[in-house]
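Below is one structure, written out as structure tokens; the observations come after it.
The values are calculated or read from the model by the stated rules, or taken from the named source; none is laboratory data. Just so it is clear, the model here is predicted, and its values are computed rather than measured. Cβ: placed from backbone, ideal geometry, glycine included. Neighbour counts: every protein chain shown. Side chains included, ligands, DNA and RNA excluded: accessible areas come from the protein's heavy atoms. Shrake-Rupley method; radii C 1.70, N 1.55, O 1.52, S 1.80 Å.
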Amino acid sequence: MTAPLRLLALACVATLSLAGCKKAQEQTAPPPPEVGVVDAKPQTLPLQRELVGRLSPFRSADVRARVAGVVQKRVYTEGSNVKEGQELFLIDPAPLRASLASAEAALASARASYTNARATANRARSLAPQSYVSKSDLDNAEASERSAAAAVQQAEAAVTTARINLGYARVTSPITGLAGKAQVTEGALVGQGDATLLTTVDQIDPLYVNFSMTADELSSLRAAQDKGAVALAGESKTTVQVNLPDGTPYAHEGTLDFSAPTVDPATGAVSLRAQLPNPDHTLLPGSFVSFKANLGQRNNAFLLPQQAIQRDTQGGYVMVVGKDTKVVRKNVVLDSQQGGNWLVSSGLDAGDQVIVSGVQKVKEGAPAKPMPWQPKAAAQPGAAAPAPEKKQ
């Protein structure tokens, strides 16, 4: 074989070898990984916040001694329900009855003096036209009549005061509610100088839930409402759902009834209050409760499974399979958790294929094969673990 032919043959063999290697490489290249995806669909969702508040009575009244005296008897049972106007304590009424009797006697004396003064004035008025009495005597008689009339009014006011004080000997409840522990016992001297506290009555149906939100959060919500992203409910339409200590929802829903017009400079928060029915007295004032506040609705929001959400130093993000099957990272703004999902307020577009399963197999910019995500059934609680295999 001549040299040119030999070189040609070697070139052909080299070309065939290179083609075979390239084909082998193509055959051994791994296919794009399969990933489970969900389609991002914008929804109108409730705007909720998980908050903590403290319960307080709807009304709380201090029962105090309004007259000085010695407590004779505690009439009510501590911790029981009492009605408005129900007698709670009895203060010794004897000194008060004596004061009333004295005031009535002073009134009788004043009326007698007025009767005499009026008779004298009438006599002077009848004799004055014939000049049987001087002008000065007439004036003095009429002045005495007026003074006696004023003394009668003063005595009548004293009798009224004495009767009121005698009524205060029966200390009654100003409101309907639960009567607390007695602060005094029988024989105690009360009402000397200060109005002594006897007990407290609290109305606990309904209750108030007092809580707060930061001024920055409220400002961001109002700004989002101006942009149409959220629609805040009115004050009487914002509801709260309280959770009991065991985590179960409370049977009754509360309603927001007050929002402070100013920010507390000490905390930078705005005070809010909701009214909560408590017909069975299940909840007690003074305790802390966790609850979910429904502040309105969020427009064009997305619900994604928790497995789809990733985090790094930049914040939350998701991996999305683009139309060219290439994986793209999208930073998202997370709002709150709802069940097993995250509410995403921004960062996604309608129709995005968000990767839920197989996130660890993909790489940004690399291709992936999207498949509809099928949530796996959760393992039954208490199920026995499989026995380990025995080594041969």
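Quick notes on this structure:
- Tally of residues being touching a Lys or Arg at 6+ places or on another chain (Cβ under 7 Å) and free of Cβ contacts under 8 Å to residues at least 40 places away in the same chain across region 288-319: 2
- In a residue-by-residue description of region 133-153, the property of being surrounded by fewer than 13 Cβ atoms within 10 Å (Cβ to Cβ) and not in a helix (DSSP H, G or I) applies to at least one position.
- Condition broken by Leu197, with the remaining ones in (1) hydrophobic (A, V, I, L, M, F, W, C); (2) at pLDDT 95 or above; (3) crowded, with 17+ Cβ neighbours inside 10 Å satisfied: (3)
- Verdict on Thr120 being at pLDDT 95 or above and more than 34 Å from the chain's Cα centre (by Cα): no
- In the set (1) within 14 Å of Asp352 (Cα to Cα); (2) free of Cβ contacts under 8 Å to residues at least 40 places away in the same chain; (3) outside any loop (DSSP other than H, G, I, E, B), Asp335 fails one condition alone, (1).
- When restricted to residues that are surrounded by fewer than 15 Cβ atoms within 10 Å (Cβ to Cβ) and closer than 17 Å to Asp137 by Cα, region 102-125 contains 5.
- Neighbours by Cβ (under 7 Å, 6+ apart or cross-chain): first from region 56-70, under 20 Å from Gly193 (Cα atoms); second in a strand (DSSP E or B) and open to solvent by 20 Å² or more (accessible area, probe 1.4 Å): Asp62/Leu197; Asp62/Thr200; Val63/Thr200; Arg64/Leu197; Val70/Leu189
Residue-wise test of (1) more than 30 Å from Glu84 (Cα to Cα); (2) open to solvent by less than 60 Å² (accessible area, probe 1.4 Å); (3) under 16 Å from the mean Cα position of the chain (by Cα).
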{"position": "Ala169", "(1), (2), (3)": "no, yes, no"}
{"position": "Ala188", "(1), (2), (3)": "no, yes, no"}
{"position": "Asp216", "(1), (2), (3)": "yes, no, no"}
{"position": "Thr239", "(1), (2), (3)": "yes, yes, yes"}
{"position": "Phe258", "(1), (2), (3)": "no, no, yes"}
{"position": "Thr262", "(1), (2), (3)": "yes, no, no"}
{"position": "Pro265", "(1), (2), (3)": "yes, no, no"}
{"position": "Leu272", "(1), (2), (3)": "no, yes, yes"}
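- Sole residue being assigned to a helix (DSSP H, G or I) and open to solvent by less than 50 Å² (accessible area, probe 1.4 Å), chosen from Leu88, Leu51, Leu96: Leu96
- Among (1) at positive phi; (2) open to solvent by less than 60 Å² (accessible area, probe 1.4 Å); (3) at pLDDT below 90, the one test that Asn300 misses: (2)
- Glu156 being among the acidic types (Asp, Glu), buried (at least 19 other Cβ atoms within 10 Å of the Cβ) and over 41 Å from the mean Cα position of the chain (by Cα): no
- So Pro285, is it in a loop (DSSP other than H, G, I, E, B), within 13 Å of Tyr208 (Cβ to Cβ) and not acidic (Asp, Glu): yes
- Residue satisfying all of: in region 309-341; more than 21 Å from Lys227 (Cβ to Cβ) and among the hydrophobic types (A, V, I, L, M, F, W, C); most open to solvent (accessible area, probe 1.4 Å) among these: Val328
- Subset of region 251-263 (residues that are touching a residue at least 40 places away in the same chain (Cβ under 8 Å) and out of contact with any helix residue (DSSP H, G or I) (no Cβ under 9 Å at 6 or more places or on another chain)): Gly254
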